[in-house]
Amino acid sequence: MKYQTIEKDGFKFIVTGKGKPIVLLHGLMGALSNWEAVIDHFSDRYQVLAPVFPVHDIPLITLGVKSLRKYLRRFFKYNKLDDVVIVGNSLGGHVGLAFTLAYPEHVKGLVLTGSSGLYENAFGGTYPRRKSYDYIREKIEFTFYDRAIATKELVDEIFETLNDRAKALRILTLSKSAIRNNLSAELPAITVPVLLIWGKEDRVTPPDVAEEFRSLLLNSELIWIDKCGHVPMMEQPVLFNFHLDAFLQKINSGGETLRSGSLHY
């Protein structure tokens, strides 16, 4: 990635471009590099910000979706952000939902892709056996429709993280927090436009999860991307950016995103 990562005042993030702000939120095992194609596509027209969640800095006893929501609030204040479109993948979508419920006045729109918050099947329903490289590679491949995206570099990075006992404990703690923090009863309170971009072959947050989100989020639209798993912005970046672009143009021109059924691409 060609963009400089800023580390300052307790924050680590990328910021590039000028214009209306978009905040990109990564998943539990994700990284800023997951958003590279999105940053490349939009930074000529928007201010694009992508923070790193401080998973390894928050005290373990308070680590969870709520503490990440509070961190995101501090991040918004630090960067003087308002009227923001939040784009969240997996756990990032979950934090985006929690933030929107708590601070709706700061959110103009929300884009969810493979979001947790209702149900997820992380690592195929089991916590990974840390010392088995092949097992971890298999479970990372489970995330994608195209297994080739699970490169050796990606597997090596996650294998190293999971074999650090302290880091693995934090990931497990945060994963359990996400499972406990079910938002189904609260989601109808969200009124901002929401775009759901979902991989049709997502096995982590399967298609029925996307349908449930669509039924609970009253101002939402669901778009399916075929031959795509849990991380559409990595696996099908051209289509992902196309639909995100259309959504941004619609809400920035004063239009609304209303439920219009399920669209396939």
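The values are calculated or read from the model by the stated rules, or taken from the named source; none is laboratory data. It should be emphasised that the depicted structure is a prediction, and the values quoted were computed from it without experimental measurement. As a convention, Cβ positions derive from the backbone with ideal geometry for all residues, glycine included, and neighbour counts pool all protein chains shown. For accessibility, only protein heavy atoms count, side chains too; no ligands or nucleic acids. Shrake-Rupley method; radii C 1.70, N 1.55, O 1.52, S 1.80 Å.
Each Cα pair under 8 Å and six or more residues apart adds its separation to the average, and for the range 7-51 the resulting relative contact order is 59 percent. Report in % the part of the accessible area of the chain that belongs to carbon and sulfur, leaving out ligands and nucleic acids; probe 1.4 Å. Here carbon and sulfur together make up 51 percent of the probe-accessible area.
Measuring nothing but how far apart in sequence close Cα pairs (under 8 Å, 6+ apart) lie, relative to its length, the range 144-265 scores a relative contact order of 28 percent. Sequence-distant contacts, meaning Cα pairs under 8 Å at least 6 residues apart, place the relative contact order of the range 78-213 at 32 percent.
A simple charge model with +1 on the Cβ of Lys and Arg, -1 on the Cβ of Asp and Glu and nothing else charged puts the dipole of the chain at about 820 debye relative to its Cα centre.
Can you give the net charge of the other residues whose Cβ lies under 15 Å from the Cβ of LYS70, counting K and R as +1 and D and E as -1? That sum, taken over residues with Cβ under 15 Å, equals +4. Dividing the helix sum by the residues of the chain, where each DSSP H run of 4 or more adds -39500 (n - 2.57), gives a mean residue ellipticity at 222 nm of -11500 deg cm²/dmol.
Near LYS227: Cβ cut-off under 9 Å, other residues only, Lys/Arg at +1 and Asp/Glu at -1. The net charge is -3.
Charge tally around TYR145: other residues with Cβ under 12 Å, Lys/Arg +1 each, Asp/Glu -1 each, net -2.
Mind running the shape call on the range 18-92? Use the C-alpha gyration tensor, a ≥ b ≥ c as the square roots of the eigenvalues: rounded below 1.5 for a/c, prolate if a/b tops b/c, oblate otherwise. Verdict is oblate for the range 18-92. Distance from the alpha carbon centroid of the range 195-225 to that of the range 97-121 works out to 13 angstrom. Pairs spanning more than 28 Å between alpha-carbon atoms, out of LYS80/LYS152; LYS12/LYS108; LYS108/LYS227; LYS20/LYS139: LYS80/LYS152; LYS108/LYS227; LYS20/LYS139. Please label the shape of the range 1-154 as rounded, prolate or oblate, based on the square roots a ≥ b ≥ c of the eigenvalues of the alpha-carbon gyration tensor (a/c under 1.5 means rounded; beyond that, a/b larger than b/c means prolate, else oblate). Since a/c reaches 1.5 and a/b is larger than b/c, the shape of the range 1-154 is classed as prolate. DSSP beta bridges fully contained in the chain are about 25 percent antiparallel. Peptide packing: for 237-246, 80-89, 214-223, the average count of neighbouring Cβ atoms within 10 Å per residue gives the ranking 80-89, 214-223, 237-246, highest mean first.
For the chain, what does the alpha-carbon gyration tensor say about shape, rounded, prolate or oblate, given a ≥ b ≥ c as the root eigenvalues, a/c under 1.5 as rounded, and a/b over b/c as prolate? Rounded shape, in that the Cα axes give a/c under 1.5.
Selection among PRO59, LEU174, TRP198 by position relative to the dipole of the chain gives PRO59 as farthest towards the positive end (Cβ unit charges, Cα centre). Entry comment: accessible area of the chain is 45 Å² per residue, from protein heavy atoms only and a probe of 1.4 Å.
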